[in-house]
Each structure stands twice: as structure tokens, then as C-alpha cells.
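Coordinate-derived values only; no laboratory data. In this text, all values refer to a predicted model and were calculated from it rather than measured experimentally. Backbone-built Cβ (ideal geometry, glycine too); neighbour counts: all protein chains shown.
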Amino acid sequence: MNTRAGEVAAGRSSDMLRIAVIGGGFTGAAFIIHAIHASQSAAGDETALRLQFDLIERSAEIGRGIAYSTRDPLHRINVPSDRMSLFCDDPTHATRWLIAHDLLDPGSTDANGHHYVSREHYGAYVAATLRDTVAAAGDRVRFTHWRASATAIHVAGTVHEVILDTGVSIEADRIALCIGHAAPALPCEISDATLRNPALITNPWAPQAFERIPQHASVLVVGTGLTMADCAVSLLERGHRGPITAISRRGLLAQPQGLFSSEADFLGDAQPPSTVRALLRMLRERIAREMPLRGWQPAVDALRFDLARVWQALPPSEQRRVVRRLLPFWDVHRFRVAPQVHAVLREAIDARRIVVETKGIAGIDDNARDGFVVTLKQRSGAREQRVFDRIVFCTGPARNISANPLVHSLLAAGRARLDGAGIGLDVDSHSQLRERDGGLVAGLFAFGPITRGSFGEMSGAPDIARHIERLLKDEKTSILSVPV
């Protein structure tokens, strides 16, 4: 990009729709792929909609984001590849691509024939599908990747302006916010000097993150969810012999996969419950019915596929109660761990090579010789100090999305508002952004994890792709309508 600072990147013919996509991880890539497919006309039709995409993503790699940027082959997708296709009507699309490119490693296939490939290889599938889709569209699609961050959006009628931190501004008819998960929050106050200590690993996805940990070092892992499972596998498979302690306030571990189900029949003919208590009762009754023959997983999946309807029937006060009290329990049952990873983790816990403790963290001091003095706190409030050689943060994304400069500017300008649960941006059923007074912002849409509070669930790649594909195919959605 050689656009001068302050210059407006514009210029299009009257039949071209300009779309700025902010965020080039999985969500941004899925949006562009499905926008191109949804705009396809009959072969040879010269009236086919022409699209200009300006993708704003600082990373050189598109389609990976945080989830699929890891290069560790032991970090696997947590559902089989046949359930990770980018296309609803072609469930084996991802698996066929992985087989065609010889990316099914010997350890990826479980006893049931399901393929849990490395997240690096799945990210390669997403990136390749985007490249192929853009290439197949020919001159009907223009695509520009701006390696920058968006800091503000100016909404003016039917034409909007995206301001980049490089000084460039981009005009667009539509804007798709696909910024993904917020960065993990620090578990406690930590000095800048401690954060700079290489023995404190704040990004477990960084290249060679675990190679810096000596085999006999005592390791504290902060967090006990899916990221901790990946961390544990990386350490153990590299022959780590030192003690590993994993802590979280509830001590909840990601649950194993079981029987898969795609039945969106949680409610059946019943009305959605209006309280959390009633919802829990329905879920427990469903699990009790299915547990003897199918296990609890299909019941959780049934709720997942019906969750948008269930969630939107709950008053905001009940939604906030879910976030405060139940969200961690839902997450460990909803986002389950790959069987290969679960087997390694379970064996290590049973052998006491990993100890899981229900504790929080109150402070970290790196004044200990070759290590850290960590203040741990129990739920009772009691505190203790222990020394660890290394610390790895596996705390998951923060819920304060307003820490993102772009989101902060939209909220401050009244062009966006938080959802009723306070964990994301408020959008309507077509993912159009709601401004401060509740009205819809023309041409401004949001997708992916930042809309979780509007739909109840929008974090897993299959759910994001399914939602985007459905909306872009819906003629009632205005995303692909050419402005007059």
C-alpha cells in the first residue's frame, strides 16, 4: 500500500459495492468468502454484482487470528474436521482439502474415524479457501489487504469512512466488524518489569513459547480451560519433568467430546424460558432423558443450536446472571477438548504430573531468585505465597471489549452500544449494529465473538460461518444491496 497519509482510498464504478472488513481472522475471512459466493450470478451474466473488499488486518496472514496462528502441531481443533467446513451444505469440504494436501497427521484421527487436525493446518484451509474464492471471482472482485488497525469510523449517510492508524482513510458502502476475541486480561496487577520478564509467558501461542521452559522447572499455569490443555500437552510431549500447577477460581476443566448431534430441537413446542432457573431445569431434564443412551453432550448441543431463540427470550437481568454465575460452566461443556488432548491431560492429572487447584491469583513478584513469588488466594479469602520458576497465562479472552480503541470510539460517539449482558456489541437479528438510542446504524454490521451477547453464543468457527452464510443468502439482509 502506497496511499499517502490522509488520502481517501476510494474510486469505484457505479455497479461496485465497497465493503470494508475490519479484522482478518477466521470471521473476516468467512465473511469475504460468503459475500463473494452470495453475490454470484449465473455464469456469464454481465450484471453480476461487483465487490471491492478493503480488509484491515495488521497481521500478514489472513484467516488465522489467534485461534489458528499457533504452529505447534499438538494444538488441535477441538471438533472433527467434518464439522468445521466453511460451507453448511458441504460438510466434508474441510476434510477433503486437508486430505488433498496431505495434512492428516497420524495422530489426528481418533478411534471413531474423526479427524482432529492441528489448528495450523485448519488455518491453512481457511486461508486457501479465501484465496481460491477471490481468484475464482476474477475481475468481478477487487481485494486489498491493509496491514494496519482501524481507529475510528465516521458514519455519513450511505458512505462511511474508516480511519486507519497509518493516517489513511478508506471509503466504504458497508462495514463489517470482524475483530474477533478481545486480548486476554491480566489476572492481577503486574508491574511492567515483571511483564517484560521472559520467564512470564503471556502468549502461549507465540512461536517457541514452551521451548524456553527448562524441563525441570516448576510451572504455574493460570487458567484451566482449553488453552491450559494445549499448554499441558506442549509441555508434556516435550518431556517436561517439573511440577505443573494449574489454577482457576472454579477449577473447571474442559470436558471431553462424546456423541455429536446437530439437532436444533431443544425447545420443541415449548416456549423459551424467561428465567435462568427455568432454563437450567429444562437442560437438566433433557440430560436426564438422554444420558443413559447418548450421554450429556447431545443435550448441550441441542441447546447450543437453539440458543439464539432461548437467549433473546431472557430479560437482560437474567442474561447478566448467566454471565456472572454460569458462563464458565457452560463454556467447559460447550467448548470440549479433542480426545487426543483429553487423554494426555487426564493421564497427567491422574499421575499427579499436573495438579489442578481452585485458587485465584492476587499478585506476582519477580524478586525471587530465578523465579516468581506468587500470592494465591482461596475462595475463603485465605492467601498463601509460593515460588514458581515459570508462569504461563491461559486465561482466555477478556470481556471488556471497550478496551479495543475502535469499539471505544464507536461507543463514545453513540454509534454503538453494549448488549444487554454487557459482553459485546448490540446487534439485531441481521447483525446490524444498534446505536446508543437503539436505532440501527445503516451499513454497519458486526460478526463473530463481539456479538456473543446478542445471540447467546457466537464463538465457535462453525457457528460463525453458519451465521454469516445464512445472513448473506437472506434477501432481507441489506449487506449486499447496492446503494442508490
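Please arrange S274, S402 by counting, for each residue, the other beta carbons lying within 10 Å of its beta carbon, fewest first. Show your work: numbers first, answer last.
Values: S274 12, S402 17.
Neighbour counts put them in this order, fewest first: S274, S402.
Work out, step by step, the length gained on full extension between D132 and R196: first 0.36 nm times the residue separation, then minus their alpha carbon distance; give nm to one decimal.
So the chain would gain 19.0 nm between D132 and R196.
Report the dimensions of the chain along its three principal axes from the alpha-carbon atoms, largest first, rounded to Å.
Principal extents (largest minus smallest coordinate, Cα): 66, 56, 50 Å.
Which of the listed residues, I33, I99, I354, is farthest toward the dipole's positive end in the chain, when Lys, Arg count +1 and Asp, Glu count -1 at the beta-carbon?
Ranked along the dipole, the leading option is I354.
Where does the charge balance sit around R434 when Lys and Arg score +1, Asp and Glu -1, over other residues with C-beta under 9 Å from its C-beta?
With Lys, Arg at +1 and Asp, Glu at -1, the net is -3.
In what sequence do S317, S149 fall when counting other Cβ within 10 Å, fewest first?
Going from sparsest to densest Cβ surroundings: S317, S149.
Taking the beta-carbon count within 10 Å as an exposure proxy, list H93, H408, H115, H216 from fewest neighbours to most.
H216, H408, H93, H115
By DSSP, what percent of the beta bridges with both residues in the chain are antiparallel, rounded to the nearest 5?
Approximately 40 percent, going by the DSSP bridge assignments.
What is the distance in Å between the Cα centroid of the stretch 237-266 and that of the stretch 48-100?
Here the two parts' Cα centres lie 23 Å apart.
With labels modelled as points extended 7 Å from the Cα through the Cβ direction, what inter-label distance (nm, one decimal) is found for H408 paired with R346?
A separation of 4.5 nm, rounded to one decimal place.
Just how large is the dipole of the stretch 218-266 about the Cα centre, in debye to the nearest 20, putting +1 at every Lys and Arg Cβ and -1 at every Asp and Glu Cβ?
Value, rounded to 20: 400 debye.
What number, rounded to the nearest 500 deg cm²/dmol, is the helix-based mean residue ellipticity at 222 nm of the chain, given -39500 (n - 2.57) per DSSP H run of at least four residues and division by all its residues?
It lands at -8500 deg cm²/dmol.
By how many degrees, between 0 and 90 and to the nearest 10, does the Cα long axis of helix 276-294 differ from the longest principal axis of the chain?
Roughly 70 degrees between the two axes.
Over all Cα pairs of the stretch 338-484, how is the pair count split among 10 Å bins, expressed in % and running from 0 up to the last occupied bin?
Once binned at 10 Å, the Cα pair distances of the stretch 338-484 give 9, 25, 23, 20, 16, 6, 1.
Based on the mean of other Cβ atoms within 10 Å per residue, sort peptides 241-249, 23-31 so the most packed one is first.
Highest-to-lowest ranking by the protection proxy: 23-31, 241-249.
For the chain, what is the charge dipole size about the Cα centre, in debye to the nearest 20, if Lys and Arg each add +1 at the Cβ and Asp and Glu each add -1 at the Cβ? Working shown, then result.
Values: 56 positive and 53 negative charges, 322 e Å.
Taking the Cα centre of the chain as origin, the dipole is about 1540 debye.
I'd like to know which of G363, L433, G422 lies farthest towards the positive end of the charge dipole of the stretch 322-434, counting +1 on Cβ of Lys and Arg and -1 on Cβ of Asp and Glu.
G422
Which one, A246, Q208, A185, is farthest towards the positive end of the dipole of the chain when Lys and Arg carry +1 and Asp and Glu -1 on their Cβ?
Of the candidates, A246 comes out farthest on the positive side.
State to the nearest 20 debye the size of the charge dipole of the stretch 276-334 about its Cα centre, where the only charges are +1 on K and R beta carbons and -1 on D and E beta carbons.
200
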